[in-house]
Amino acid sequence: MSRTEWPEDVAGEIRRRVLAEPGFMKVTQVVRRGGGTFRVSLRPVVIKGEKGYQGEMTEEGRTQVKNFDLEGARSGLEEMLGQTGPRELHLVTASGDLHVRVTKKGKFLESRSSPMARDVDEQQGHDRVKRQPLTDFDSAALLKALGIADADGRIRASMRGKYDQVNEFLKVIDAAIADKPEKTLNIVDCGCGRAYLTLAVYFYLTAVRGFEVRVCGIDRKTDVIATARRLAADLDVAEHVVFVEGELAESEPPFEADMVLSLQGVCQESDRIF
C-alpha cells in the first residue's frame, strides 16, 4: 500500500456520499504531478429526463467533459480514488463539505464544514450546469472572511451576486493561464476595492493550479486598504498578498507585474475584465 493511498474509512465515506446518499453536489480532486496539475470533478446531472453524472478532466490547459451512468460514475470515482501522490479532494454535499489534503510525505489533513441544509436542484440539466471555481478547493474560510458565506458556510442571499461574480472572474483567469509559470507569478489588481477578487485569485491559483503567486492590490481609499490588509492577515497570507494605498498612476507595487487585473463595472448585469 502506498503511503499516499486513501485510508479505507475515508474512501468508503467518499463513495457513500457520492453514490449512495442523497444530496451529492460535486467532488473535485486536484493532483500535483510532473510540475503540473491534473484536475478531475464529478457532479450529478439530468440528461433527457434521466439522472446521470458529468465528469470534467483538465490537464495542461485542456478540458474534457464526459457524461456517465451510475456504473460509469462508479468506475470514474474509483479511478479518482486510485490516484496517489500529493493531492486535494473537496466533496460538496447538501449536508456539508469534506476537504482532504494529502502531502508529499503521505500525511492526510482533513477538515469538515459545519452541518448544512443546502437545497439541491435535481432537475438541473447538463446544459445548465455551470462550473463554480470556488468549489474546486476548500474556500470556506475565504468566503466566511469576505462575508460572502455565513458562519455555517452557506452563501448569504445578499451576497449571491458577488459569489457568482467572483466565480466568473476566476474562470477568465483560469482560461488565460494555460501553463504553470516557471517562476513566481506576480499579479497586480488595480482598483482592488475590498479584495474579494484579489484574495480569490491568490487562493484559486495556489490551491487549484498549484502556482507560486504574489498579488498586490492597489486602491486609493484608506479604509478599503485597511480592510484588505486585515483580511490578508486573518487568512494568514499577508506575506504573499499585499496592498498599496494610492492613485494608480502614482503607486508602485513591490514587484514587476506579470499580469495586471482590473474589474470595471459596466452596468448592474455585467462587468468587464481588463
Scanning the stretch 142-166 for residues that are buried (at least 18 other Cβ atoms within 10 Å of the Cβ), assigned to a loop (DSSP other than H, G, I, E, B) and among the hydrophobic types (A, V, I, L, M, F, W, C) gives 148
Return the residue satisfying two criteria in turn: it lies in the stretch 88-100 and is assigned to a strand (DSSP E or B) and in contact (Cβ under 8 Å) with a residue 60 or more places away in the chain, and of such residues it is farthest from residue 14 (Cα to Cα). 88
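Mind telling me which of the residues 210, 161, 153 ends up being in contact (Cβ under 8 Å) with a residue 12 or more places away in the chain and farther than 30 Å from residue 34 by Cβ?
153
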Any chance the stretch 257-274 includes a residue that's in a helix (DSSP H, G or I) and not assigned by TED's automatic domain parsing to the domain that holds residue 38? no
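Yes/no matrix, rows are residues, columns are (1) surrounded by 21 or more Cβ atoms within 10 Å (Cβ to Cβ); (2) out of contact with any Lys or Arg (no Cβ under 8 Å at 6 or more places or on another chain):
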{"residue": "182", "(1), (2)": "no, yes"}
{"residue": "194", "(1), (2)": "no, yes"}
{"residue": "205", "(1), (2)": "yes, yes"}
{"residue": "239", "(1), (2)": "no, yes"}
{"residue": "247", "(1), (2)": "no, no"}
{"residue": "251", "(1), (2)": "no, yes"}
Among the residues of the stretch 18-52, which ones are of a type in the set (Lys, Arg) and either surrounded by fewer than 19 Cβ atoms within 10 Å (Cβ to Cβ) or closer than 17 Å to residue 174 by Cβ (or both)? 26, 32, 33, 39, 48, 51
All but one of (1) hydroxyl-bearing (Ser, Thr, Tyr); (2) crowded, with 19+ Cβ neighbours inside 10 Å; (3) over 13 Å from the mean Cα position of the chain (by Cα) hold for residue 139, so report the exception by its number. (3)
Here is a list: 189, 179. Which entry is over 28 Å from residue 33 (Cβ atoms), not in a helix (DSSP H, G or I) and not assigned by TED's automatic domain parsing to the domain that holds residue 31? 189
Kindly provide the set of residues from the stretch 211-256 that are in a helix (DSSP H, G or I), touching a Phe, Trp or Tyr at 6+ places or on another chain (Cβ under 8 Å) and not β-branched (Val, Ile, Thr), ordered by number. 228, 229, 232
Determine whether residue 28 is of a type in the set (Ser, Thr, Tyr) and at pLDDT below 90. no
What's the number of the only condition in (1) under 13 Å from residue 242 (Cα atoms); (2) free of Cβ contacts under 8 Å to residues at least 40 places away in the same chain that residue 221 fails to meet? (1)
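The rows are residues; the columns are (1) without any contact (Cβ under 8 Å) to a residue 60 or more places away in the chain; (2) on the phi > 0 side of the Ramachandran plot; (3) in the same structural domain as residue 261 (by TED's automatic domain parsing); (4) not hydroxyl-bearing (Ser, Thr, Tyr).
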position: 135; (1), (2), (3), (4): no, no, no, no
position: 147; (1), (2), (3), (4): yes, yes, no, yes
position: 157; (1), (2), (3), (4): yes, no, no, yes
position: 184; (1), (2), (3), (4): yes, no, yes, no
Flagged in the stretch 53-80 as modelled with pLDDT of 90 or more and surrounded by fewer than 17 Cβ atoms within 10 Å (Cβ to Cβ), in numbering order, are 69, 70, 71, 72, 74, 75, 78, 79
Criterion first (among the aliphatic types (A, V, I, L, M), within 16 Å of residue 258 (Cα to Cα) and at pLDDT 90 or above) does residue 218 satisfy it? yes
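The values are calculated or read from the model by the stated rules, or taken from the named source; none is laboratory data. From a predicted model like this one, the values you see are computed outputs, not experimental measurements. Note that each Cβ is placed from the backbone with ideal geometry, even for glycine, and that neighbours are counted across all protein chains shown.
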